[in-house]
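Asker: Okay, here's the structure, questions in a sec.
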Amino acid sequence: MEPFIKEGSLLITSSIPFYIIKPREKDIILFKSQGKTIVKRIVGKEKNTYFVEGDNKSDSKKFGAVSRSDILGRVVLKI
Amino acid sequence: MNLASVLNFFQVKIAYAHCDIPCGIYDPHNAQLAAHTIIRMTQLLGEVKPVRQAQGKREDETKAEHDIARITHVKEEHASLLENELTTLQNDYFKEEHIKEYPSLPELFKNASRLGAKARQGIDTDSAQKLLLVVQDIAEIFFKTKGVIPVRVKSVYPTGGEIVTYK
């Protein structure tokens, strides 16, 4: 996710924004995948699934669609 | 109240930015294979029978165009494959400590990228051969970082040359 998020960055995330508005393109989200918590940016949407990608394209292979139920929250602050 | 005590107040978890499943399986073999294929396709492009020598018949001309299109397509495909394989090694495998131990690594990747572009842009056997050598240098470093002894063995491909593997 570099350059926006560097390794070791502290992120404040919240699920509250997504109770108010649906996840949108360019939102940086936290989601569950194979037992891990992943941070990525939304780059597209289809029905109730979201396509995500890392900002550092060369460091991010294509990632499958993420369902709404797997999204934990949105990054609201980076420290 | 300092930052640490504030953080203790909240639930702090680790989030990963790497989407890949951390399988730990890396190998420079595919990159070498792609480099050999680029050389071979470049050689084959040079061997396509010119239309003039083929007596200028329309069917010969069509065949030559067809062969050139197919060979060029395979050359492009393997240049992309090579680029992807090297990107994976550069970004996912090699870490800061590897670069400290082998400071030539960034330059090797830069050269590979430059030579890959040159091999794509033209029918340039020289660049394709140099690309293979750079990829082999990267392969050697890769195996050293894995704690095994790299060896260069004769390839069994029509391109000749070598393949870097390990003992």
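Asker: So, of the residues in the range B:61-91 that are open to solvent by less than 80 Å² (accessible area, probe 1.4 Å) and of a type in the set (D, E, K, R), which turns out to be nearest to B:Ala17 (Cα to Cα)?
Answerer: B:Glu85
Asker: Any residue at all in the range A:50-62 that's farther than 23 Å from B:Glu96 by Cβ, out of contact with any strand residue (DSSP E or B) (no Cβ under 6 Å at 6 or more places or on another chain) and either at pLDDT 85 or above or open to solvent by less than 70 Å² (accessible area, probe 1.4 Å) (or both)? Can you show your working first?
Answerer: First pass over the range A:50-62, keeping only residues farther than 23 Å from B:Glu96 by Cβ: A:50-53, A:62.
Next, from what is left, pick out any that are out of contact with any strand residue (DSSP E or B) (no Cβ under 6 Å at 6 or more places or on another chain): A:62.
From what is left, the residues that are either at pLDDT 85 or above or open to solvent by less than 70 Å² (accessible area, probe 1.4 Å) (or both) are none.
No, the range A:50-62 contains no residue that is farther than 23 Å from B:Glu96 by Cβ, out of contact with any strand residue (DSSP E or B) (no Cβ under 6 Å at 6 or more places or on another chain) and either at pLDDT 85 or above or open to solvent by less than 70 Å² (accessible area, probe 1.4 Å) (or both).
Asker: Say we look at the range A:25-43 and pick out the residues that are over 8 Å from the mean Cα position of the chain (by Cα), more than 11 Å from B:Tyr16 (Cα to Cα) and at pLDDT 85 or above; which of these is least open to solvent (accessible area, probe 1.4 Å)?
Answerer: Applying the filter and picking the extreme gives A:Val43.
Asker: Mind checking which residues of the range B:1-41 are more than 30 Å from B:Gly160 (Cα to Cα), of a type in the set (A, V, I, L, M, F, W, C) and either at pLDDT 95 or above or open to solvent by 80 Å² or more (accessible area, probe 1.4 Å) (or both)?
Answerer: B:Met1, B:Leu3, B:Phe9, B:Phe10, B:Val12, B:Ile14, B:Ile21, B:Cys23 - these are the residues of the range B:1-41 that are more than 30 Å from B:Gly160 (Cα to Cα), of a type in the set (A, V, I, L, M, F, W, C) and either at pLDDT 95 or above or open to solvent by 80 Å² or more (accessible area, probe 1.4 Å) (or both).
Asker: Take the range B:142-159 and flag every residue that is over 15 Å from B:Asn30 (Cβ atoms) and out of contact with any strand residue (DSSP E or B) (no Cβ under 8 Å at 6 or more places or on another chain). So that I can check it myself, show each step before the final result.
Answerer: Keep residues of the range B:142-159 that are over 15 Å from B:Asn30 (Cβ atoms), which gives B:144-154, B:156, B:158-159.
Matches in the range B:142-159: B:Thr145, B:Gly147, B:Val156, B:Pro158, B:Thr159.
Asker: For the range B:84-141, how many residues meet the condition of being touching a strand residue (DSSP E or B) at 6+ places or on another chain (Cβ under 7 Å) and in contact (Cβ under 8 Å) with a residue 60 or more places away in the chain?
Answerer: 2
Asker: Applying the selection to the range B:134-153, what residues are part of a helix (DSSP H, G or I) and surrounded by 16 or more Cβ atoms within 10 Å (Cβ to Cβ)?
Answerer: Listed by number, the residues that qualify are B:Val134, B:Val135, B:Gln136, B:Asp137, B:Ile138, B:Ala139, B:Glu140, B:Ile141, B:Phe142, B:Phe143, B:Thr145.
The values are calculated or read from the model by the stated rules, or taken from the named source; none is laboratory data. This is a predicted model, so every value here is computed, not measured. Note that we place each Cβ from the backbone using ideal geometry, even for glycine, and neighbour counts take in every protein chain shown. We work out accessible area using only protein heavy atoms, side chains counted, and drop any ligands, DNA or RNA first. Shrake-Rupley method; radii C 1.70, N 1.55, O 1.52, S 1.80 Å.
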